[in-house]
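S.K.: Attaching a single structure in structure tokens format; questions to follow.
The values are calculated or read from the model by the stated rules, or taken from the named source; none is laboratory data. Computed from a predicted model, the values in this text were never measured in an experiment. Counting neighbours? That spans all protein chains shown, and the Cβs are built from the backbone with ideal geometry, glycine included. The accessibility values were calculated without ligands, DNA or RNA, using every heavy atom of the protein model including side chains. Shrake-Rupley method; radii C 1.70, N 1.55, O 1.52, S 1.80 Å.
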Amino acid sequence: MSAPVLANDPSRSLAPSSFPSGPLLLAVLPNSGPAAGGNTVQLLGLGLSGATSVLFGTTPGTIVSQDPLGLTVAVVAPAHAAGTVPVTVTTSSGTSSPAAYTYVNPGLPAPPTATSINPASGPVVGGTPFVIVGTNLNGASITFNGVPATVLGSDPSGTLLFGISPAGAATANVPVVVTTGAGSTTVPGGYTYV
């Protein structure tokens, strides 16, 4: 007789489910990306179907697709300052608990360095081929006392930079400056016009 009593007990039928009623966000893949945003991120979880918004911190991402089973949502990450932010998904059933996503700044290129120029002297009329030895010299420009030199190129490792000296104003020692997008460096000893 106890079985029918248990079956009709209202407290049994109204017992809370062990499953959450709202969306459940389990993972963000990948869990990091550039501070500039624009990359597509996959959200994995349960009950994600019908997602109406995805927030990265307080900034909304752009939902691009979601599967009808509610297991995945693809979203384009918005731009955000570097750091870790909570990601949440909102559906008609509520808002998920957060999952972490980390914004990172891309590595900045290293500035150039220069240790020598060879030859270190040449005629005032210019036209002397030279090589500068250093590091991170790819894509560099060169000036002799502020006058641009002709850049012929660099080796793939960025340790050798080849060029042709410009004409000088007079016989003198002048500074040689190497510049890339990451900064500038002055060649020790400069270049002497003779």
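S.K.: Leaving out ligands and nucleic acids, and using a 1.4 Å probe, what accessible area per residue does the chain come to in Å²?
M.R.: In whole numbers, the chain has 53 Å² accessible per residue.
S.K.: Can I ask one more? Per residue of the range 141-154, in order, report the coupling 6.51 cos²θ - 1.76 cosθ + 1.60 (Karplus, θ = phi - 60°) as ³J(HN,Hα) in whole Hz, putting x for Gly and Pro.
M.R.: Once rounded to whole Hz, the list reads 10, 9, 10, 10, 6, x, 9, x, 8, 7, 8, 8, x, 9.
S.K.: May I pose another question? Could you bin all the Cα-Cα distances of the range 36-194 into 5 Å bins starting at 0 and give me the percent of pairs in each, rounded to whole numbers?
M.R.: Taking every Cα pair in the range 36-194, the percentages come to 2, 9, 15, 14, 8, 5, 4, 5, 6, 8, 7, 7, 5, 3, 2, 1, 0.
S.K.: Any chance you could get the radius of gyration and Dmax over the Cα atoms of the range 50-116, in Å?
M.R.: 17.6, 68
S.K.: If you average 1/r over every pair of different alpha-carbon atoms in the range 106-184 and take one over that average, what Kirkwood value in Å do you get? Before the final figure, lay out each step's value.
M.R.: Working: mean 1/r = 0.0789 Å⁻¹.
Hydrodynamic radius (Kirkwood, Cα only) of the range 106-184 equals 12.7 Å.
S.K.: Under the Karplus relation 6.51 cos²θ - 1.76 cosθ + 1.60, θ = phi - 60°, what is the ordered set of whole-Hz ³J(HN,Hα) values for the range 173-182, x standing for Gly and Pro?
M.R.: Residue by residue, the range 173-182 yields 8, 10, x, 10, 10, 9, 10, 10, x, 9 Hz.
S.K.: Quick one: if you stick a label point 7 Å off each Cα along the C-beta vector at T135 and A82, how many nm between them?
M.R.: Reported label-point gap for T135 and A82 is 2.0 nm.
S.K.: Rounded to a whole number, what % of the accessible area of the chain do carbon and sulfur atoms account for, probe 1.4 Å?
M.R.: It is 64 percent, rounded to a whole number.
S.K.: Moving on to the next point. How high is the relative contact order of the chain, in percent, with contacts defined as C-alpha pairs under 8 Å that are six or more residues apart?
M.R.: Working: 487 pairs, mean separation 32.1, N = 194.
In percent, rounded to a whole number, it is 17.
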